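The values are calculated or read from the model by the stated rules, or taken from the named source; none is laboratory data. Please read these numbers as outputs of a predicted model, since none were measured by experiment. Heads up, the Cβs are rebuilt from the backbone with ideal geometry, glycines too, and the neighbour counts pull from every protein chain shown. Side chains are part of the model used for accessible areas, which takes the heavy atoms of the whole protein and leaves out ligands, DNA and RNA. Shrake-Rupley method; radii C 1.70, N 1.55, O 1.52, S 1.80 Å.
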Amino acid sequence: MNTVIAFIIIFGALVFFHELGHFVFAKRAGILCREFAIGMGPKVLAFKRNETQYTIRLLPIGGYVRMAGEDPEMVDLKPGFRVGLLVNQDETVQKMVINNKDRYPNLRVVEVAEADIEHELYIKGYEEGEETLQTFTIAKDAVFVEDGVESQIAPWNRQFNSKSLGNRAITIFAGPLMNFVLAFIVFMIIGFLQGVPTQEPLLGELVEDGAAAEAGLQEGDRIEGINGQTVAEWSDLTAIIEENPDTEVTMDILRNGDAMSFQVTPDAVEVAEGSDIGRIGVYGPIESSPSPVQAVVFGGEQTYFFTVMIFDALGKLVTGQFTIDALSGPVGIYKSTEIVAQTGIYNLMHWGAILSINLGIMNLLPLPALDGGRLLFFGVEALRGKPVDRHKEGMVHFVGFALLMLLMIVVTWNDIQRFFLQ
């Protein structure tokens with residue numbers, strides 16, 4: 001149950017902040033956001049506030065912000081269509097009822113002769129029992145009502161595609177960006193609460209049965225020198241130790257003001273075929289009460305480090321150094337979360353931050369159906385001076401989405417075999 005709760009919290013946070021980036025910048029650009037969804041598939045929970053419906057859906061495989069104009073708009077009022085109109089005192093249309101018109105009192109049923117619900121916002125038609133052509137002005141926030149469900153209209157200036165290329169691009173880019181921001185904030189909190197590494201030549205926590213512990217060294221010892229070489233900071237210590245695998249070294253230390261010397265033989269650790277480095281089984285020193293500036297710097301350093309590491313792993317995947325079997329989907333992430341959750345809250349936060357960076361990078365890949373794929377089309381639009389045909393772009397994204405779902409199935413099956421069928 002703890003694993004389930006941890007997974008839900010982490011998944012929910014990653015998707016929420018990603019979609020929040022899209023949502024905030026879409027609202028800033030004046031785009032009508034119809035739905036803010038966490039998860040996919042059937043609705044589990046839903047409520048509406050202002051213009052947007054907020055939903056939690058069953059399948060934990062993503063989320064989305066449904067913006068007006070990305071899909072075909074609600075209803076096309078063609079000539080001859082009979083629609084019920086609810087108007088206010090100013091004769092402005094507030095609701096357009098498509099069916100079940102008998103449920104609404106004071107409804108004016110009109111046979112449409114001409115209508116524009118995107119630009120000019122009007123309906124021309126003949127009201128029942130009248131032969132005179134009438135023109136009705138539609139309110140900018142008017143709604144269609146079909147089967148009792150209200151859907152707000154989206155005038156052209158509220159649609160995604162009406163916005164400038166810059167606004168559309170930042171709206172899409174903001175999703176992955178928020179994942180990096182989230183990772184930075186989480187790392188910063190970890191640093192502030194748990195402490196940040198320092199370059200002081202002090203021994204941190206010792207590994208049980210490590211070379212340092214066996215030699216008699218203790219946490220908090222200050223290293224003054226190794227084999228006569230002065231040690232001014234932590235990086236000096238690690239460099240000398242790494243250069244001496246399976247070779248005894250003399251470490252001069254200060255412990256509670258007393259000078260001491262210890263003979264230590266670093267263990268040899270293979271980092272590449274035929275290449276070893278020394279390790280003595282000790283963690284670096286931690287500043288347990290860091291300043292806010294130190295915590296901010298730590299957050300930035302950790303975000304940068306794991307960003308580079310994930311890009312390096314992607315490069316190895318592209319060049320064939322990794323296979324598809326090395327990838328993990330929701331099942332693999334769940335199992336990894338289960339393992340990490342057992343090691344403490346800080347490690348779980350650390351894991352969540354890494355996943356957030358990973359989600360941001362994956363979404364920036366220039367693949368159809370991903371944010372990066374959409375940004376690629378925006379780049380093409382900038383070069384051509386006009387957008388790519390929406391139907392062609394939609395087909396590319398549809399095919400890309402289908403391939404991504406196929407990849408998800410393959411990866412999930414590999415995870416199931418790895419964790420449950422072995």
Practice task
On a 0 to 90° scale, report how tilted helix 2-28 is relative to the longest principal axis of the chain, with both axes built from alpha carbons and the result rounded to the nearest 10.
Solution key: 50
Exercise for the section: With all protein chains present, calculate the accessible area of residue 136 using a 1.4 Å probe and round the result to the nearest 10 Å². Expected result: 0
Handout entry: Under 24 Å from residue 316, Cα to Cα: lysines that are on another chain or at least 8 residues apart
Key = 335
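Using the eigenvalues of the Cα gyration tensor, what equivalent ellipsoid semi-axes result for the stretch 78-152 when each is taken as the square root of five times the eigenvalue, whole Å, largest first?
Numbers: eigenvalues 55, 45, 28 Å².
Each semi-axis is √(5λ); the values are 17, 15, 12 Å.
Rounded to whole Å and ordered largest first, report the semi-axes of the equivalent ellipsoid of the chain derived from its Cα gyration tensor (root of 5λ). Mind dumping the intermediate values first?
Details: eigenvalues 756, 91, 77 Å².
Semi-axes, largest first: 61, 21, 20 Å.
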Handout entry: Nitroxide proxy distance, nm - points 7 Å out along Cα→Cβ at residue 47 and residue 214
Key = 6.1
Exercise for the section: Would you mind getting me the FRET efficiency between residue 386 and residue 410? Use the beta-carbon distance for r and R0 = 41 Å, nearest 0.05. Expected result: 0.65
Problem - With Cα atoms, 0 to 90° folded angle of helix 165-194 axis to the chain main axis - result: 40
Fill in the blank from the handout: Rounded to the nearest Å, the spacing of the alpha-carbon centers of the stretch 362-406 and the stretch 21-37 is 19
Practice task
Enumerate the amide H contacts of residue 53 below 5 Å, restricted to partners 5 or more residues apart or on another chain; note that Pro and chain-start residues carry no placed amide H.
Solution key: 35, 36
Problem - Sulfur and carbon atoms: percent of accessible area, the stretch 17-118 [1.4 Å] - result: 52
Completion exercise
Label model pair residue 310, residue 185: point-to-point distance (7 angstrom along the Cα→beta-carbon line) in nm is 1.6
Exercise for the section: List the aspartates and glutamates whose Cα lies under 14 Å from the Cα of residue 43, skipping any in the same chain that are fewer than 8 positions away. Expected result: 35
Completion exercise
Relative to the chain, whose Cα atoms define the longest principal axis, helix 371-384 and its Cα axis are tilted in degrees, nearest 10, by 70
Practice task
With the Cα gyration tensor of the stretch 176-316 in hand, convert its eigenvalues to equivalent ellipsoid semi-axes via √(5λ) and list them largest first in whole Å.
Solution key: 31, 21, 11
Problem - Too-long pairs where the Cα-Cα distance tops 19 Å, listed order kept, from 140/392; 48/78; 27/48 - result: 140/392; 48/78
Handout entry: Distance (nanometres) between label positions extended 7 Å along Cα→Cβ at residue 141 and residue 127
Key = 2.5
Completion exercise
Env charge @ residue 26, Cβ radius under 14 Å, K,R +1 / D,E -1, value +3
Practice task
Compute log10 of I(q)/I(0) for the stretch 1-86 with the Debye formula, placing one identical point scatterer on every Cα and leaving out solvent, at q = 0.20, 0.22, 0.23 Å⁻¹, to two decimals.
Solution key: -0.97, -1.09, -1.14
Problem - Extreme residue, positive dipole direction of the stretch 276-422, given options 329, 409, 388 (C-beta unit charges) - result: 388
Exercise for the section: Under 19 Å Cα to Cα from residue 386, which lysines show up? Leave out anything in the same chain fewer than 8 places away. Expected result: 163
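Per the 1.4 Å probe, what fraction of the accessible area of the stretch 204-296, in percent, lies on carbon and sulfur atoms? Write down the numbers at each step before the final one.
Details: 2280 of 5350 Å².
Carbon-and-sulfur percentage of accessible area, whole number: 43.
Per residue, how much accessible area does the chain show when a 1.4 Å probe rolls over the protein heavy atoms, in square angstrom?
Working: 23460 Å² over 422 residues.
About 56 Å² of surface per residue is accessible.
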Exercise for the section: Taking every Cα atom in the stretch 228-299, find the radius of gyration and the maximum pairwise distance Dmax, and write them in Å. Expected result: 15.3, 44
